[in-house]
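Report on the structure given below.
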Amino acid sequence: MGPLNIKFEFEQERELFESETESAITWLLDVRDKKTHGWGWVENIPSNVQNTAEVVSALLENSNYLTDREYVELADAVQSWLIHPEQQCEISLDWVWVLLALQSVRDDDGIKTHLDTADIDNSIRQCIGWLVDNQNPDGGWADVEGGLSSTARTSLAVIALGRERPVDDGASSRLERSRFKRLKRAIERAIPEKPGIESSLRDGVKWLQATRNGDGGWGNIREKDLYRSSDHRAGLSSADLRYQCDSNVACTGYAVLALCEDSLDTHAGVISEAIKYIRDHQQEYGGWDVFSEVGRKGDTIYTFRHFSTTWALRALLRAGGADYTDECVIDGINYLAQLQDTHSGGWRSSVDADTYTWATCNVLETIRLIKSQLAAVKAQKFLQIVCEWWELRKRHGDYSLSVGNTIFAFNEATIVLFSIVSTVAVFCVTAALSVFLHTIFPEAASESAGPFRLVNGILIVLGAFIIGLPWVVYVKNVFKKDMSSWIESVGWVYGIITGFLLAYYQIAV
């Protein structure tokens, strides 16, 4: 089945996920630690730099919901946690998220008025320098020096550094962009480059390419790295590490998003296989299973939960592997909607989890991507309408008509109304054509009744065929338990219509 062009023209007062987004943002602002100006991963937990950076980034990506007072509160958080990152950051994940948050700060005029732009720029440069200097020799990133490179850390680092890559604003056409890329490659081959953003990005992308598993997905670490003897394994069992080598949807989503940042290569084949892996591993409930990573932060063993559903949807939407009309995306969005805590407004990463700040931020970014695709759609409760429609289609009980790539979906009441209106309209048009012919050619009609009766017959048969189409859909769905096939329903509909037509033909013509 080809792409579906779904069009709804219902009135609406609010956009899709408008109230849910407002509730989530209100909850995030409410759970901020008023003393430290930061956020923890759950409410009433001490603040940390990573979660604070994630919240700052998510809120600035939805800055149209913020008031002047809330901008001031965010500026306090930035000043306390993100400026001079060496005072707060411990592992690469901290540095990456601070860089991503500072990039959002740099791009938002509303918050920059409350901060020193020189401090922002200096802190961004410091984050970039740390990431470049602490990249592993194999091209990946680990949490700490000497640690195992991981897909999650490497992908986020590539995404963050990719946003700092200079772009050729003058290359407006596809041909000019292609020439720019070829010239850039030639320069890179000809001139030994000093360590910097470009070389770090190139090595990071190469590591991701080499780490991909045979099934098209990514695990978090490479199996061949498990046998390295180093201090990073202290306190971690083989089981803690071995299962992280197998492909999982979260790491595959991270990697796809990172490869999408590479301006020198589309990675079309690799991304296509990764998208297939993501699609194939969607669960019956509509989402994707959470991936739990076990690692170390200093002397502490921790479990880091990755919200796979959000990263899967973002990868699908960002890479062009699906859009909002795709059943895979619709089911994923519907699952996300069920995970919001209706009391607080925050989001859980699974039905059995607590409400987390980071999970809420992950969803807000996913919603932002979805809403950007739905900007032109005007529909009351669009998500519920489309979900119900897909459920009808999957049960083969859909009141729908296809015209080319466009599918018109109805409920039982509207298909009856449509069928009646179309029947009356077609009958009137057919009758009007017959009257028109007799009016224009009255003498010919009286002298050669045979040809005119033939023309009338053709008009009636054509009209009957058109009239029968919506009624076949209706009859098949209403009596689907008693009718074993479409042929049987077609026979009933056109049998009845033919009887009426014969009577009309004998009496009126």
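Evaluate the distance, in nm, between pseudo-label points positioned 7 Å from the Cα of residue 318 and of residue 351 along their respective Cα→Cβ axes.
According to this spin-label approximation, the distance is 2.9 nm.
Place a point 7 Å from Cα of residue 202 in the direction of its Cβ. Which residues in the range 234-267 have their backbone N less than 20 Å from it?
From the range 234-267, the list is 258-267.
Roughly how many nanometres apart are two label points built 7 Å out from the Cα toward the Cβ at residue 279 and residue 64?
It works out to 3.1 nm between the two label points.
Roughly how many nanometres apart are two label points built 7 Å out from the Cα toward the Cβ at residue 422 and residue 272?
The answer from the label model is 3.7 nm.
Per 0.36 nm of contour for each residue apart, how much would the distance between residue 299 and residue 227 grow if the chain were fully extended, relative to their Cα-Cα spacing?
Difference between extended and current length: 23.8 nm.
Given a cut-off of 30 Å, name the pairs among 276/371; 112/371; 112/276; 206/276 whose C-alpha atoms lie farther apart than that in the structure shown.
In this structure, 112/276 lie more than 30 Å apart at Cα.
Assuming R0 = 25 Å, can you tell me the calculated FRET efficiency for the pair residue 436 and residue 465, based on Cβ-Cβ distance, to the nearest 0.05?
The computed FRET efficiency comes out at 0.75.
Name the long-range amide H neighbours of residue 296: under 5 Å, sequence gap of 5 or more, or other chain; modelled H, no Pro or chain starts.
The list, which skips near neighbours in sequence, is 302.
Pop out the ³J(HN,Hα) list for the range 253-266 in order, Karplus 6.51 cos²θ - 1.76 cosθ + 1.60 with θ = phi - 60°, rounded to Hz; leave Gly and Pro as x.
Those phi angles translate into x, 4, 5, 4, 4, 5, 5, 5, 7, 7, 7, 9, 7, 7 Hz.
Quick one: work out Rg over Rh on the C-alpha atoms of the range 237-295, Rh as Kirkwood radius.
Checking Rg against Rh, the ratio lands at 1.04.
Every read-out reported here was derived from the displayed coordinates using simple, explicitly stated rules and does not represent laboratory data. Here the structure is a predicted model, which is why all the values come from computation and not from measurement. Note that we place each Cβ from the backbone using ideal geometry, even for glycine, and neighbour counts take in every protein chain shown.
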